[in-house]
1. Which ones in the range 38-80 are part of a loop (DSSP other than H, G, I, E, B) and among the acidic types (Asp, Glu)?
2. What number of residues within the range 95-118 are closer than 14 Å to Gly48 by Cβ and of a type in the set (A, V, I, L, M, F, W, C)?
3. Has the range 7-19 got at least one residue that is of a type outside the set (Asp, Glu), closer than 12 Å to Leu122 by Cα and in contact with a His (Cβ under 9 Å, 6 or more places away or on another chain)?
4. From the list Ser84, Ser73, which one is surrounded by 13 or more Cβ atoms within 10 Å (Cβ to Cβ), among the hydroxyl-bearing types (Ser, Thr, Tyr) and without any contact (Cβ under 8 Å) to a residue 40 or more places away in the chain?
5. Taking the range 92-132 on its own, how many of its residues are aliphatic (A, V, I, L, M) and more than 18 Å from Ser73 (Cα to Cα)?
6. Given (1) more than 16 Å from Tyr109 (Cα to Cα); (2) out of contact with any Lys or Arg (no Cβ under 9 Å at 6 or more places or on another chain), identify the lone condition not met by Arg21.
Amino acid sequence: MERQTALIVIEGRFLDAAIHRSRKLVDGLVAELPYACQPPGDGLYAVGMAGSLRTKLPLPRDLARAGPYETASGPLHFIWAAGSWFQPETSPPPPIDANGATAWQWLHYNVLHDAEPSAVCLLWEIFPLEAAGAA
């Protein structure tokens, strides 16, 4: 199984507190997954503020041959926002005129656009273990 990514959006906290909270969230996520993973302790990959990230995020559109995890920013497997974890299969439906984009792409777009500009967005890498190393 390949590397997976989790986007965590934390509002109302300074950077240090947001990193601490996101570490607990990703640890909890990994503990609940139906497969074994490396401990995510060093998996923090990127940090940004919602206000600046959304200015670079294009309106969702059809991504030719996109898999279920694809977004305009690359593949995302999990999104934490507004107190809940989401995966592509648990995304709210897209708007009626979805521009050919998936519900997952729209969720990613809306999470960043609905967040406070000062919300901290953290991207974590999750590395599932191979079946032989999972025991």
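1. To start, the set of residues in the range 38-80 that are part of a loop (DSSP other than H, G, I, E, B) comprises 38-39, 43, 56-69, 72-73, 76-77.
Asp62, the sole residue that qualifies.
2. 3
3. Within the range 7-19, one or more residues are of a type outside the set (Asp, Glu), closer than 12 Å to Leu122 by Cα and in contact with a His (Cβ under 9 Å, 6 or more places away or on another chain).
4. Values: Ser84 fails: surrounded by 13 or more Cβ atoms within 10 Å (Cβ to Cβ).
Checking each option against the conditions leaves just Ser73.
5. Pass one, the range 92-132, residues aliphatic (A, V, I, L, M): 96, 98, 101, 103, 107, 111-112, 115, 119-120, 122-123, 126, 129, 131-132.
Those still in the list that are more than 18 Å from Ser73 (Cα to Cα) too: 96, 129, 131-132.
Within the range 92-132, residues that are aliphatic (A, V, I, L, M) and more than 18 Å from Ser73 (Cα to Cα) number 4.
6. (2)
Rule-based calculations on the coordinates, nothing more; no lab input. Predicted, not measured: the structure shown is a model, and the values here were computed from it. Please note: Cβ atoms are built from the backbone with ideal geometry, for glycine as well, and neighbour counts cover all protein chains shown.
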